[in-house]
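The values are calculated or read from the model by the stated rules, or taken from the named source; none is laboratory data. As the structure is a prediction and not an experimental result, all values here were calculated from the model. As a convention, Cβ positions derive from the backbone with ideal geometry for all residues, glycine included, and neighbour counts pool all protein chains shown.
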Amino acid sequence: MTEVAPGYYLALAGLMFSIGVIGALVRRNAIVIFMFIELMLNAVNLMFVTFSRIRGSVDGQILVFFVLVVAAAEAVVGLAIILVIVRRRASANVDDVSLLRW
Amino acid sequence: MIALIVFGAVFVFALGCSIAMLFAKNAVHTALFLVGSQVALAVAFLLQGAHFVAAVQIIIYAGAIMVLFLFVVMLLGVDRSEVLVEPLPAQRQVALGLGTLLAAGITYIALTSVDLIGADRTQALAAINRDPGNVLAVARTLFSRYLLGFEATSVLLVTAIVGVMVLARRVDSVTSLSASTPSSEEREVA
């Protein structure tokens, strides 16, 4: 069943991670930037599962579980922060939130 | 052979959804493309024998977290279009160039040097999945070697819940809460 070489899975994960980086740098909506961060975390999960298969143990899959918990907490807190910002400034554009900018 | 065909479909679908995320103007469309790539990744997990993680990926990521994202998008207004004017000069070009460089680097490393890790142990995971089963093996490892980390995630989740409740409440409820706090203290003293 698992006859595809692990390198191709790692390449897919790397390409998805790079797309996530580009999206987080290019887009301007805070929620969309969060979605690209989730895409990066997903790509890292694929890498963990692939390394778990390469090494022949389930430890990598447990790290995926931890990444999942951190991603859930991060998404919840981040979306609440975005909600508060939108309530005060009526905009989800990250360029409008420049109070701490030098 | 079947695994190769399925992997090809997963590769095309996941990358296509990810690239479509970059060009989707509407935030809801971006979220839906993200769900598509996550489902494709769940199939990739299944192909590699990570059954528990694949199920959790569908239930938590594509289910719970993306519903939360869509909920917040709806709450903030769907029809609000994203500002596409780029204030920094050459930001997009530089981001695209450096991202392409990163992709090329990771792909090169993945395709060339992965054999150094010892890819002949890939049958060990299949043996684990056969004998105690994937879910049982994950549970045994999680509740023995990673028990402390597992308990720490519960602390993290409680902290996140409390933080979100503090962040998301309205300002007028803050004033009423602080006004009612001394009276409850007085009640306890009395």
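The condition (being more than 7 Å from every other protein chain (Cβ to nearest Cβ), within 19 Å of the chain's Cα centre (by Cα) and of a type outside the set (Phe, Trp, Tyr)) is satisfied by just one residue among B:GLY63, B:GLY77: B:GLY63. What is the one condition in (1) modelled with pLDDT of 90 or more; (2) at the interface with chain B (Cβ under 8 Å from one of its Cβ atoms) that A:GLU3 does not satisfy? Condition not satisfied by A:GLU3: (1).
To keep it simple, each residue is scored yes or no on (1) under 26 Å from B:ALA95 (Cβ atoms); (2) in contact (Cβ under 8 Å) with a residue 12 or more places away in the chain; (3) more than 7 Å from every other protein chain (Cβ to nearest Cβ).
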site	(1), (2), (3)
A:MET16	yes, yes, no
A:ILE33	yes, yes, yes
A:MET47	yes, yes, yes
A:PHE66	no, no, no
A:ALA73	no, no, no
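Test A:GLU38 against the criterion of being buried (at least 20 other Cβ atoms within 10 Å of the Cβ) and of a type in the set (Asp, Glu), and give yes or no. For A:GLU38, the condition - buried (at least 20 other Cβ atoms within 10 Å of the Cβ) and of a type in the set (Asp, Glu) - is met. If you go through the stretch A:64-102 and pick out every residue that is surrounded by 18 or more Cβ atoms within 10 Å (Cβ to Cβ) and over 22 Å from B:ALA168 (Cα atoms), you end up with 3. Taking the stretch B:80-150 as the region of interest, the helices (runs of 4 or more DSSP H) fully inside it that hold 1 or more residues being at pLDDT 85 or above and loosely packed, with under 14 Cβ neighbours inside 10 Å are B:91-112, B:134-142.
When the stretch A:82-102 is filtered for residues that are in a loop (DSSP other than H, G, I, E, B) and of a type outside the set (Asp, Glu), the ones remaining, listed by number, are A:ALA90, A:SER91, A:ALA92, A:VAL94, A:VAL97, A:SER98, A:LEU99, A:LEU100, A:ARG101, A:TRP102. When B:ALA14, B:ALA31, B:ALA42 are screened for being at the interface with chain A (Cβ under 7 Å from one of its Cβ atoms) and under 13 Å from the mean Cα position of the chain (by Cα), only B:ALA31 passes.
Restricting A:ALA72, A:ALA13 to those that are more than 18 Å from B:ALA103 (Cβ to Cβ), out of contact with any strand residue (DSSP E or B) (no Cβ under 7 Å at 6 or more places or on another chain) and of a type outside the set (Val, Ile, Thr) reduces the list to A:ALA72.
The selection criterion, being of a type in the set (Gly, Ala, Ser) and either farther than 24 Å from A:PHE65 by Cβ or at the interface with another protein chain (Cβ under 8 Å from one of its Cβ atoms) (or both), holds for B:ALA24.
The set of residues in the stretch A:1-38 being more than 16 Å from the chain's Cα centre (by Cα) and β-branched (Val, Ile, Thr) consists of A:THR2, A:VAL4.
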